[in-house]
Amino acid sequence: MNTIVSLLSIMFFPVGISLILSGMLYEWADRKLVARFQNRIGPRWFQPLADTIKLLSKEEIKPHSVNNLLFYGLPIVALSGALTAALYTPILGFAPTYSFQGDLIVALYLLSLLTMCTGLAGWNGASRFSLIGATRSLTQLFAYEAPFLLALLGPAMAAGTWTIKDISVYAENHWMFIAQPVGFVVALIGLMGKLELPPFDAPEAETEIVAGALTEYSGRGLALFHIGKSVELVVAISLVTAFYLGGVGNPLIFLLKTLIILLFMAMLQSMLTRLRIDQTVGMWWRFGALLALLQILVIILLKGWLA
Amino acid sequence: MNVSQNYVSQLMGRITTWARVNSPWAIHFNSGSCNGCDIEILATLTPRYDIERFGIKLRGSPRHADVLICTGPVTRQARERLLRTYEQMPDPKFVVAVGSCGISGGVFQGCYNIVGHINEVLPVDAFIPGCPPRPEAIIDGIVKLLTHLQNGTRPEPIQFAPQETA
Ligand code: SF4
């Protein structure tokens, strides 16, 4: 009986098909919002679905000099990493399926797997554009990863636990975004860096390096990377919402909160222009990491003072 | 068994056709045009015409693209590059020739450095006439291509009179 429930939860809900579909809907909402900010009409609601099916049904071209195992394996690993991370996060406002002490760290590293797979895929791609894209993705990973981690550690330290479930329960009565505004801003911008959205889209800058690390991917591999990215969008937004905007609570209100975050991100995307990769790194380490550290210092001092 | 298999494959075919019609990603190649057509294509991509409504997106990499939008006559220099770009695209792929030059060589017809119109090098699926065509015409051409795709009818190949060489 238990196995059946686990299998169902992995295949359909909350991970699996429903997560992939909601990822597509979030991606559509993001594109539509950006389009509205640019005074356009924007894509239709089924656009990401049509894109994915089309890519899956296309021919997959394998360049000559790539490693077969890496070329075919990396998209699968990337997608499964993002899907596995969803097991520990409160997706769509429902309590996480599994949780254990320290799953926050595991979920964050699983989320980074997608970027690392993209980097490896670009290095494997045997094209100069994908190589430059790979270097940029990995450089950007070094830039935002530490501040983002620190920003999510703030709520964890305030709650005194490293379990996502317990932190989100704690956050229900303590609105972290009021208590730790700096951490919230760093987490939000770290989210955009993680998803390589503008202004942090130097790794896939189509005006300079064609399509970045995924230049040589076509068909199935590209589709899997796309799905992985939209799944990561849902997981990361859910994580930030659960930590900073008042926990899980009611699924409907949770959805609304994630949409507000999405609206804010879309606004930043259409307002700001692309940063150079050195500007990105400089910004993160000069301001992002320092601000997050300051936040953590304040939390430690306050906790010590209150105790 | 056979009947149900048939039914499933038919259904899959319809789903993939639907997806293909609704998400044509384009790549733009200038094989020797005077740049007039390219400016009109870029105008088509601006928010005013917003072709993301139809799911059309401009991609940098030929590996991601479904539709190759070519402009201009094919010069001897550009022929190899045009062919290579076309061969890098995964199947199924379509070619749209934009502008009079792409249809017949236009004002460049008979030049010493010209191979000819695009149909001499690649199998073109849709021609969009004009010098240069307006963005509305380009959108109309692509939508016509998509309608043909949906109905499963490839547009008729156009027969040209053989080019006179001076
Ligand atoms: S059709 Fe006209 S605008 Fe287009 S490339 Fe030819 S001459 Fe230039």
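The values are calculated or read from the model by the stated rules, or taken from the named source; none is laboratory data. Fair warning: this is a prediction, and the values are worked out from it, not measured in the lab. For neighbour counting, all protein chains shown are included, and Cβ atoms are generated from backbone atoms with ideal geometry for every residue, glycine included. Side chains included, ligands, DNA and RNA excluded: accessible areas come from the protein's heavy atoms. Shrake-Rupley method; radii C 1.70, N 1.55, O 1.52, S 1.80 Å.
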Checklist entry - Between residues in the stretch B:93-122 that are within 14 Å of chain A (Cβ to nearest Cβ) and residues that are more than 11 Å from the ligand (Cβ to nearest atom) and in a strand (DSSP E or B), which pairs lie under 9 Å by C-beta distance while being six or more apart or on different chains? => result B:K93/B:V67; B:K93/B:L68; B:F94/B:V67; B:F94/B:L68; B:F94/B:A126
Checklist entry - So which residues in the stretch A:24-51 are open to solvent by less than 20 Å² (accessible area, probe 1.4 Å) and either facing chain B (nearest Cβ under 8 Å) or farther than 24 Å from B:D50 by Cβ (or both)? => result A:A35, A:G42, A:P43, A:Q47, A:A50, A:D51
Checklist entry - Say we look at the stretch B:23-50 and pick out the residues that are part of a helix (DSSP H, G or I) and touching a Gly at 6+ places or on another chain (Cβ under 9 Å); which of these is farthest from B:G106 (Cα to Cα)? => result B:E40
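In the stretch A:22-70, which residues are of a type in the set (D, E, K, R) and in contact with a Ser or Thr (Cβ under 8 Å, 6 or more places away or on another chain)?
First, the residues of the stretch A:22-70 that are of a type in the set (D, E, K, R): A:27, A:30-32, A:36, A:40, A:44, A:51, A:54, A:58-60, A:62.
Hits for the stretch A:22-70 are A:E27, A:D51, A:K54, A:K58, A:E59, A:E60.
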Item to check | Conditions (1) modelled with pLDDT under 85; (2) surrounded by 19 or more Cβ atoms within 10 Å (Cβ to Cβ); number of the one not met by B:G99 | outcome: (1)
Checklist entry - Taking A:G133 and the conditions (1) open to solvent by 30 Å² or more (accessible area, probe 1.4 Å); (2) touching a residue at least 40 places away in the same chain (Cβ under 8 Å), which numbered condition does it fall short on, given that it satisfies the others? => result (1)
Item to check | Residue count for the stretch A:61-80, restricted to those that are buried (at least 19 other Cβ atoms within 10 Å of the Cβ) and either under 19 Å from B:I56 (Cα atoms) or facing another protein chain (nearest Cβ under 10 Å) (or both) | outcome: 0
Checklist entry - Are there any pairs, at least 6 apart or on different chains, whose C-beta atoms fall under 7 Å, with the first in the stretch A:205-228 and within 14 Å of A:T135 (Cα to Cα) and the second outside any helix (DSSP H, G or I) and open to solvent by 30 Å² or more (accessible area, probe 1.4 Å), and if so, which? => result A:A205/A:R274; A:A211/B:R59; A:A211/B:G60
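Tell me, which strands (runs of 3 or more DSSP E) wholly within the stretch B:81-146 include 2 or more residues that are within 13 Å of the ligand (Cβ to nearest atom)?
Of the strands (runs of 3 or more DSSP E) lying wholly inside the stretch B:81-146, those with at least 2 residues that are within 13 Å of the ligand (Cβ to nearest atom) span B:94-98, B:126-128.
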Next on the checklist: Go through the stretch A:254-278 and report how many residues are outside any loop (DSSP other than H, G, I, E, B), of a type outside the set (D, E, K, R) and exposed (fewer than 13 other Cβ atoms within 10 Å of the Cβ).
Outcome noted: 2
Item to check | Residue among B:R53, B:R20 that is open to solvent by 30 Å² or more (accessible area, probe 1.4 Å), within 20 Å of A:G221 (Cα to Cα) and either assigned to a helix (DSSP H, G or I) or away from the ligand (no atom under 16 Å from the Cβ) (or both) | outcome: B:R20
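Conditions (1) within 11 Å of another protein chain (Cβ to nearest Cβ); (2) over 18 Å from the mean Cα position of the chain (by Cα); (3) in contact (Cβ under 8 Å) with a residue 60 or more places away in the chain, marked per residue:
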position: B:R20; (1), (2), (3): yes, no, yes
position: B:I41; (1), (2), (3): no, no, yes
position: B:D50; (1), (2), (3): yes, yes, no
position: B:R59; (1), (2), (3): yes, no, no
position: B:P62; (1), (2), (3): yes, no, no
position: B:L68; (1), (2), (3): no, no, no
position: B:R76; (1), (2), (3): no, yes, no
position: B:Y86; (1), (2), (3): no, no, no
